[in-house]
Amino acid sequence: MTAALIEARALGKSFGPTPVLRDVNLSVEAGHGAAVVGANGAGKSTLIRLLAGLAAPSLGAAMLFGEPALSLKPALRRRVGLLSHQSFLYPNLTARENLEFYATLYGVEGARAAAIEWLERVALGAAADARVRGFSRGMEQRLALARAMLARPEVLMLDEPFAALDADGAALAAALVGEAMDRGCAVLASAHSPSALAELGFAILTLSRGKLVRGEPSTTRESAARPPLARQVS
Amino acid sequence: MVSSFTAVLRKDLLLEVRGGQSTVALGALSLLVLVVLVFAFNPGGGEQGAEAAAGALWVALVFSGMLGATRAVSAESENGCIRALLMSPLDRAALYAAKLAAAFIFMAVAEAASIILMVLFFNLEFDARVMRLVPAVLLGALGFAALATLLAGISSRLRGGDLVLPLLAVPMFVPALIAGVKASASALGGAPSSEFAIWLKVLVAFDVMFVAAGYLLFEYVAREE
Amino acid sequence: MNGRGVRLGLGLVAGALMLAALYMVFVYVPTEADQGIVQRIFYFHVPCAWVAFVSFALVAIAGIFYLWLGQQVWDDLGYAAAETGMVFCTLVLVTGSIWAKPIWGAWWTWDSRLTTTLILWLLYGGYLMLRAMAGDSEQGARFGAVVGIVAAIDVPIVIVSVRLWRTIHPAVLVTRQGGHGLEDPRMVATLLVALAAFTALFIWILCLRFVTLRMHTRLGALARSLALAEAAAQDS
């Protein structure tokens with residue numbers, strides 16, 4: 001049995017007395033994807049933050065690679081990529097400098113070359129030496145995606161990856177995510193609407209008022225073709 | 001880890017050069033503080049003048065230091081970059097060291113300007129006595145940077161937290177402040193170097209303790225909720 | 001029930017010791033030759049200082065345990081110690097001022113001990129303001145612990161530097177008697193009883209405050225469980 005790379009066990013989070021997540025169970029194995037769908041305020045971002053180790057759970061466990069996400073060792077943190085609402089980009093640095101910086105932090109061999117490669121992949125090659133401050137939201141989002149993926153993480157968490165992207169940008173992002181999954185990456189994504197992610201073969205989980213209301217985690221995905229339907233295991 | 005430290009420090013310095021304006025702001029603040037103190041104390045020459053000059057220099061150091069540390073830390077708050085840093089394999093202690101180094105560098109530049117202004121405003125001479133100031137000021141800047149970087153890590157996370165930094169930093173800095181002012185006054189007044197040495201030792205002890213404390217405790221400050 | 005009995009017992013002990021101390025300070029101990037009646041403040045001033053410093057150490061120790069073990073009880077202890085210690089620290093400064101005025105004609109002397117206590121007071125104040133600003137959160141507890149530890153590390157070096165400051169450049173006013181020049185054994189006895197009384201008082205107040213904070217923590221946990229139960233009920 002493959003160990004789940006991303007796992008939530010009876011995960012709960014309350015801010016003060018208010019519960020935001022309740023008894024969430026999911027697991028994502030290598031090469032699979034899960035999409036958490038729900039209205040605003042349903043707790044999608046909180047769930048991702050807990051699984052990314054950026055916040056402590058109130059109840060239950062958020063695990064990556066079988067270890068608690070909050071206290072992940074640096075060697076494991078290298079293998080995690082996060083795309084968030086916030087871009088994590090330095091506005092006064094150029095696109096290339098941003099990627100080079102993060103590449104160095106993540107110990108990527110040949111940071112410069114990697115930065116250039118990824119800039120090309122997200123179609124920002126022309127804007128490599130422009131400061132991020134001047135970027136449109138779509139460009140920022142693409143650069144942020146590149147930032148999340150350039151260290152070739154084994155776990156990828158994407159909070160609304162298609163936000164602010166036009167059709168081309170979205171197609172690009174989808175292709176990159178699919179590629180990562182083919183590589184064996186476990187992906188957890190959140191979105192308002194699941195269509196694009198369903199097409200990639202993500203299992204669709206719905207979060208409502210802090211609880212996953214539909215289905216336990218399914219992490220099954222046909223290998224060759226990408227079926228439009230997500231299968232759910234109860 | 002050293003490469004991470006260098007990467008973060010390089011980035012901060014690069015951002016500063018790109019128009020961060022921190023050193024300018026710190027220099028300007030130091031200038032203003034010195035001007036205010038000249039009017040406040042209307043110093044004469046001689047030993048009294050040396051004491052007043054030393055005091056003014058260190059007041060400027062404290063104020064510009066608070067600004068410097070706040071800026072070094074808050075450079076990460078735009079676009080949530082601090083979260084990205086915490087998520088990365090970057091060692092928390094290396095992050096602290098890099099922030100400390102950045103704050104120290106900003107302060108050192110501002111202090112250099114302050115020393116020059118002090119000599120001008122307080123009618124001193126640019127001689128060996130002023131040179132003796134340099135180790136005291138550098139040690140003081142290092143100690144304050146160590147302290148303030150740790151505290152800025154806290155104050156930047158709190159709403160309305162800008163009060164917290166001076167409120168805590170000033171009393172905590174008192175030993176180094178006393179030592180620094182006394183060392184500077186004795187350097188400028190031409191006092192025996194034994195006295196100067198004692199105060200310098202206090203500064204060194206302060207620096208060692210606070211850099212170590214910051215290094216060990218920063219990870220508890222830098223956690224997310 | 002057991003806890004309440006202990007608190008009551010502590011209160012009674014503290015009360016009894018206080019009464020004994022008051023008797024000794026105002027009736028038993030002879031008036032000091034140089035300073036007159038005002039000197040009796042010394043028997044309140046010194047124990048308060050002792051308590052203030054001990055409390056400060058307690059804040060730091062509680063902070064270390066909190067960071068290490070992550071258990072809320074340590075933070076509750078630290079916060080209670082900070083609040084209680086602050087009260088006694090304020091008393092040190094106030095009694096010091098009351099003492100100074102008739103003796104030296106000034107409301108404040110920058111002698112080394114009083115100055116150090118002032119710094120301590122400022123550190124306490126900073127801690128309490130920080131906790132107030134951070135509110136009721138895990139972050140507040142963590143920050144408090146860090147500040148408590150750093151401040152406690154700071155205090156020894158404050159003591160050293162302030163003392164050097166005062167010896168190399170003596171104070172404008174003559175440094176007051178350290179209080180260790182107590183010749184009469186009755187004075188020593190009175191001081192010891194006063195120390196015991198104030199320590200007991202401190203422990204009692206600390207316990208009361210600590211228990212209140214514990215209840216607050218438990219209430220928070222209960223509120224969370226209740227909210228979860230309510231949400232679960234709404235699901236079905």
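Run down B:Ala84, B:Ala75 and say which single residue is more than 14 Å from the chain's Cα centre (by Cα), at pLDDT 90 or above and within 24 Å of A:Leu83 (Cα to Cα).
B:Ala84
Quick check on segment C:213-223. Is at least one of its residues within 19 Å of the chain's Cα centre (by Cα) and either at pLDDT below 90 or surrounded by 18 or more Cβ atoms within 10 Å (Cβ to Cβ) (or both)?
Yes; the residues of segment C:213-223 include at least one that is within 19 Å of the chain's Cα centre (by Cα) and either at pLDDT below 90 or surrounded by 18 or more Cβ atoms within 10 Å (Cβ to Cβ) (or both).
Determine if segment A:205-226 includes at least one residue that is modelled with pLDDT of 90 or more, surrounded by 14 or more Cβ atoms within 10 Å (Cβ to Cβ), among the β-branched types (Val, Ile, Thr) and not in a loop (DSSP other than H, G, I, E, B).
The answer is no; no qualifying residue exists.
For segment A:15-28, name all the residues that are touching a Gly at 6+ places or on another chain (Cβ under 9 Å) and within 9 Å of chain C (Cβ to nearest Cβ).
Residues satisfying the conditions are A:Gly16, A:Pro17, A:Pro19, A:Arg22, A:Asp23.
Looking at segment C:23-56, which of the residues that are free of Cβ contacts under 8 Å to residues at least 60 places away in the same chain and aliphatic (A, V, I, L, M) is surrounded by the fewest Cβ atoms within 10 Å (Cβ to Cβ)?
Result: C:Val27.
Give the residues of segment C:138-160 that are more than 7 Å from chain B (Cβ to nearest Cβ) and not hydrophobic (A, V, I, L, M, F, W, C), sorted by residue number.
Within segment C:138-160, C:Gly140, C:Gly144, C:Gly148, C:Pro156 qualify.
Sort out which residues of segment A:95-123 are β-branched (Val, Ile, Thr) and either free of Cβ contacts under 8 Å to residues at least 12 places away in the same chain or in a loop (DSSP other than H, G, I, E, B) (or both), and write them in order of number.
Of everything in segment A:95-123, those that are β-branched (Val, Ile, Thr) and either free of Cβ contacts under 8 Å to residues at least 12 places away in the same chain or in a loop (DSSP other than H, G, I, E, B) (or both) turn out to be A:Thr104, A:Val108, A:Val122.
Does B:Ala97 meet the test of being part of a helix (DSSP H, G or I), farther than 24 Å from B:Val36 by Cβ and either facing another protein chain (nearest Cβ under 8 Å) or touching a residue at least 40 places away in the same chain (Cβ under 8 Å) (or both)?
Considered against the rule, which asks whether it is part of a helix (DSSP H, G or I), farther than 24 Å from B:Val36 by Cβ and either facing another protein chain (nearest Cβ under 8 Å) or touching a residue at least 40 places away in the same chain (Cβ under 8 Å) (or both), B:Ala97 comes out as yes.
Take C:Gly15 and decide whether it is surrounded by fewer than 18 Cβ atoms within 10 Å (Cβ to Cβ) and modelled with pLDDT under 90.
Against the criterion (surrounded by fewer than 18 Cβ atoms within 10 Å (Cβ to Cβ) and modelled with pLDDT under 90), C:Gly15 does not qualify.
Anything in segment C:113-166 that is of a type in the set (Lys, Arg) and out of contact with any Asp or Glu (no Cβ under 7 Å at 6 or more places or on another chain)? List them, or say none.
C:Arg113, C:Arg131, C:Arg142, C:Arg163
Step by step: first the residues of segment B:67-81, then only those that are at the interface with another protein chain (Cβ under 9 Å from one of its Cβ atoms) and part of a helix (DSSP H, G or I), then the one that is surrounded by the most Cβ atoms within 10 Å (Cβ to Cβ). Which residue is that?
This residue is B:Cys81.
When you scan segment C:75-110, how many residues do you find that are outside any helix (DSSP H, G or I) and within 14 Å of another protein chain (Cβ to nearest Cβ)?
Looking only at that region, the number is 1.
In the list B:Thr149, B:Thr70, which residue meets the criterion of being within 18 Å of B:Leu203 (Cβ to Cβ) and polar (S, T, N, Q)?
Checking each option against the conditions leaves just B:Thr149.
Output the residues belonging to segment A:171-187 that are under 24 Å from A:Ile6 (Cα atoms) and outside any loop (DSSP other than H, G, I, E, B).
Result: A:Ala173, A:Ala174, A:Ala175, A:Leu176, A:Val177, A:Gly178, A:Glu179, A:Ala180, A:Met181, A:Asp182, A:Ala186, A:Val187.
Output yes when any residue across segment A:70-90 is within 14 Å of chain B (Cβ to nearest Cβ), buried (at least 20 other Cβ atoms within 10 Å of the Cβ) and at pLDDT below 90, and no when none is.
yes
The values are calculated or read from the model by the stated rules, or taken from the named source; none is laboratory data. As the structure is a computational prediction, the values presented were derived from the model and not from experiment. Note that we place each Cβ from the backbone using ideal geometry, even for glycine, and neighbour counts take in every protein chain shown.
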